[in-house]
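Engineer: One structure is given below, represented as structure tokens, and several questions about it will come after.
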Amino acid sequence: MGVTQILFWFLSALAIFSAVMVLVSKSPVHSVLWLIAVFFAISGHYILLNAQFLAIVNIIVYAGAIMVLFLFVIMLMNLNKETEPQKNLWMKLTGVVSGGCLLIVLISLVRQATEIKDKIALTNKGDIGLIKVLGKTLFSGYIVPFEISSVLFLSAMIGAVVIGKKD
Amino acid sequence: MPIQYYIILALALFCIGVVGVLVRRNAIIIFMCIELMLNAVNLLLVAFSKMHNAALAATNAQAGVEGQLFVFFIMVVAAAEVSVGLAIIVMMYRNVHSVDVNFLNRLKN
């Protein structure tokens, strides 16, 4: 068992444990912090897959910007353990059972699929995740979607200001 | 690593996100679970892009780079979505003084 395997299992366990903790922690602030742990674990997976650009962008955009925004809103509303609304036990149980059924069905599907039987995801090798290759592809073949996403950002910014404004 | 491991990991994260949407009533936590699902899909896309690259590296050294560009665009859309969604949640909190989604069921009348 090489270092890559050990890191894979460690990061997977960290991601799933943190994701479960997002759900079970009572305080919303703790949920946000556990979700940041999930994002760091997923960034570790990206590094393992040699997708370095996405790893850094994931940390900067998700853990850095989006989660700070969540944290701001939670602290602005002063949400804590006492104000947290709870569903009753049966509703929770139903949700967990239905989500588990979905997981079981999808996993059995994956185990049956023959096309992906011996396929491997290249770890530690390959240069398609490097910023040079990605940037060249982005700015040669995908320039129109890139510009459209900038317009999307502008409209989202204006939308957030308009919605959040006190009228 | 075999691609099945990545698929199952992404499925587990996605289903945890689905369960979170079903069991929590706090609108912000529901929103965070949606982010979790988006990230599971991102991880799967990167794994598939590396799988494609491993399969086709002999003929095309840059096979699979599109998958990682898709992840980049998903991140862009997620950032825009979060800014608007949180603005909506803040507006909802100002109107009903709660982030409980069950308060919003009067929309059905």
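The values are calculated or read from the model by the stated rules, or taken from the named source; none is laboratory data. Just so we're clear, the structure is a prediction, and the values are computed from it rather than from any experiment. Glycine also receives a Cβ, built like all others from the backbone with ideal geometry; neighbour counts cover every protein chain displayed. Ligands, DNA and RNA are excluded from the accessible area calculation, which covers all protein heavy atoms including side chains. Shrake-Rupley method; radii C 1.70, N 1.55, O 1.52, S 1.80 Å.
Engineer: Hey, if we sort A:30, A:45 by accessible area with the 1.4 Å probe, largest down, what's the order?
Structural biologist: A:30, A:45
Engineer: Could you state how much accessible area residue A:131 has, in square angstrom rounded to the nearest 10, with a 1.4 Å probe and all protein chains kept in place?
Structural biologist: 120
Engineer: Around residue A:87, which amide H atoms from residues at least 5 apart in sequence, or from another chain, sit under 5 Å from its own amide H, with H modelled in the peptide plane?
Structural biologist: Those qualifying (amide H under 5 Å, at least 5 residues apart or on another chain) are B:25.
Engineer: So which aspartates and glutamates can residue A:87 reach, going by Cα to Cα under 16 Å and dropping same-chain residues fewer than 8 places off?
Structural biologist: Reachable aspartates and glutamates: B:100.
Engineer: Among the listed pairs A:26/A:166; A:117/B:50; A:26/A:92; A:132/B:50, which have their C-alpha atoms separated by more than 25 angstrom in this model?
Structural biologist: Values: A:26/A:166 30 Å; A:117/B:50 15 Å; A:26/A:92 14 Å; A:132/B:50 17 Å.
As for pairs spanning more than 25 Å Cα to Cα, those are A:26/A:166.
Engineer: Looking only at trypsin sites (Lys or Arg not before Pro) in DSSP loops with at most 12 other Cβ atoms within 10 Å, what is the longest site-free stretch of chain A? Before the final figure, lay out each step's value.
Structural biologist: Numbers: sites that count: A:26, A:81, A:117, A:125, A:165, A:166.
Free of exposed loop sites, the longest segment is A:27-80.
Engineer: Put A:89, B:104 in order of accessible area, largest first, 1.4 Å probe: what do you get? List each step's numbers first, then the result.
Structural biologist: Working: A:89 135, B:104 60 Å².
Output order, biggest surface exposure first: A:89, B:104.
Engineer: Distances over 24 Å make up what percent of all Cα-Cα pairs in the range B:3-98? Working shown, then result.
Structural biologist: Values: 1682 of 4560 pairs.
Looking at the range B:3-98, the distances longer than 24 Å represent 37 percent of pairs.
Engineer: Report ³J(HN,Hα) in whole Hz for each residue of the range A:16-31, in order, from the Karplus equation J = 6.51 cos²θ - 1.76 cosθ + 1.60 where θ = phi - 60°; Gly and Pro get x.
Structural biologist: The phi angles translate into 6, 4, 5, 5, 5, 5, 4, 6, 8, 6, 6, 7, x, 5, 5, 4 Hz.
Engineer: Give the Rg/Rh ratio for chain A, taking Rg as the radius of gyration of the Cα atoms and Rh as the Kirkwood radius, to two decimals. Can you show the working numbers first?
Structural biologist: Values: Rg = 20.2 Å, Rh = 19.7 Å.
Ratio of gyration radius to Kirkwood radius: 1.03.
Engineer: Pop out the ³J(HN,Hα) list for the range A:107-120 in order, Karplus 6.51 cos²θ - 1.76 cosθ + 1.60 with θ = phi - 60°, rounded to Hz; leave Gly and Pro as x.
Structural biologist: Listing the rounded values in order: 5, 5, 4, 5, 5, 7, 5, 8, 5, 9, 4, 10, 6, 10 Hz.
Engineer: Can you tell me the relative contact order of chain A? Whole percent, Cα pairs under 8 Å, sequence separation 6 or more.
Structural biologist: 23
Engineer: Per the helix-only calculation at 222 nm, which mean residue ellipticity applies to chain B, given -39500 (n - 2.57) for every DSSP H run of n ≥ 4 and division by its residues, nearest 500 deg cm²/dmol? Display every interim value, and only then the final one.
Structural biologist: On the way: 3 runs with 83 residues, N = 109.
Per the formula, -27500 deg cm²/dmol.
Engineer: In whole Hz, what ³J(HN,Hα) sequence does the range A:50-65 give by Karplus (6.51, -1.76, 1.60; θ = phi - 60°), x for Gly and Pro?
Structural biologist: In residue order, the calculated couplings are 6, 9, 6, 4, 5, 4, 5, 5, 4, 5, 5, 6, 6, 5, x, 9 Hz.
Engineer: What is the distance, in nm, between label points placed 7 Å from the Cα along the Cα-to-Cβ direction at residue A:125 and at residue B:91?
Structural biologist: Those two pseudo-labels are separated by 5.2 nm.
Engineer: Output the relative contact order of the range B:3-98, whole-number percent, from Cα pairs under 8 angstrom with separation of 6+ residues. Could you put the intermediate results ahead of the total?
Structural biologist: Numbers: 73 pairs, mean separation 22.9, N = 96.
Relative contact order of the range B:3-98: 24 percent.
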